[in-house]
1. Consider the stretch 1-18. How many of its residues are open to solvent by 60 Å² or more (accessible area, probe 1.4 Å) and either touching a residue at least 40 places away in the same chain (Cβ under 8 Å) or in a helix (DSSP H, G or I) (or both)?
2. Between a first residue in the stretch 38-59 that is within 15 Å of Glu14 (Cα to Cα) and a second residue that is assigned to a loop (DSSP other than H, G, I, E, B) and modelled with pLDDT of 75 or more, which pairs have beta carbons less than 6 Å apart while being 6 or more apart in sequence or on different chains?
3. Looking at the stretch 21-38, can you tell me whether even one residue there is open to solvent by less than 60 Å² (accessible area, probe 1.4 Å), touching a helix residue (DSSP H, G or I) at 6+ places or on another chain (Cβ under 9 Å) and within 15 Å of Pro101 (Cβ to Cβ)?
4. Just give me the residues in the stretch 88-127 being of a type in the set (A, V, I, L, M) and open to solvent by 80 Å² or more (accessible area, probe 1.4 Å), in sequence order.
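The values are calculated or read from the model by the stated rules, or taken from the named source; none is laboratory data. Note that the structure is predicted; figures quoted are calculated from it, not measured. Heads up, the Cβs are rebuilt from the backbone with ideal geometry, glycines too, and the neighbour counts pull from every protein chain shown. Accessible surface areas use protein heavy atoms only, side chains included; no ligands, DNA or RNA. Shrake-Rupley method; radii C 1.70, N 1.55, O 1.52, S 1.80 Å.
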Amino acid sequence: MRFMVIVKASKNSEAGRLPSAELLADMSKFNDELKKAGVMLAGKGCNRARKAPESNRGEKRIVTDGPFAETKELVAGFWLWKCKSLQEAIEWVRRCPNPMPGEEGEIEIRQVFEPEDFAEQFEPVHRVVAKRAYETVSQH
C-alpha cells in the first residue's frame with residue numbers, strides 16, 4: 001500500500017519562516033530512518049502558497065494568483081510512503097518530529113490508488129498501459 005503523507009501549512013510556514021537547523025536535522029534523521037526501512041519513496045517541502053498560482057479544472061481553465069484559503073487547508077510538504085498497512089503509516093507519523101514547532105502541526109495520511117483499484121473500470125488494453133505507466137513512475 002502506498003500513502004501520501006501531507007504536512008499541513010501553518011501561519012509561520014505561510015509567512016515564509018524557514019525551519020530551524022534543529023528541525024532540519026531531526027527531519028533528516030527521520031527521513032533516513034524511513035529510507036532504511038524501505039518506507040520512503042519520495043518527499044519534498046512546498047514553497048508557500050503566495051508563490052503559486054491556483055487553477056480550477058472545471059469547464060473553464062482559470063489560474064488565480066495567491067494568497068489562498070486558510071493555512072489549515074494548504075500543504076507545506078509531503079512524503080510518498082510504501083507501508084504494509086494504514087496502521088504502519090500511522091505508527092511512522094507518530095514518530096515524526098513536530099513539523100511546526102510552537103504550533104499545532106497537522107499531518108494527514110491518504111492512501112494512494114493503485115492500478116488494481118480501477119480494474120473493473122479498465123478495458124484489458126488500458127490495464128496494461130496503466131500498469132506500465134505506474135511501474136515507470138514507481139522506479140523514480
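1. If we filter the stretch 1-18 for residues that are open to solvent by 60 Å² or more (accessible area, probe 1.4 Å), which is where we start, we get 1, 4, 11, 17-18.
So of that shortlist, the ones also either touching a residue at least 40 places away in the same chain (Cβ under 8 Å) or in a helix (DSSP H, G or I) (or both) come out as 1, 4, 11.
Here the count works out to 3.
2. Cβ pairs passing all conditions: Arg48/Gly16; Ala49/Leu74.
3. Yes.
4. So the first thing to find is which residues in the stretch 88-127 are of a type in the set (A, V, I, L, M), and the list is 89-90, 93, 100, 107, 109, 112, 119, 125.
Matches in the stretch 88-127: Val125 only.
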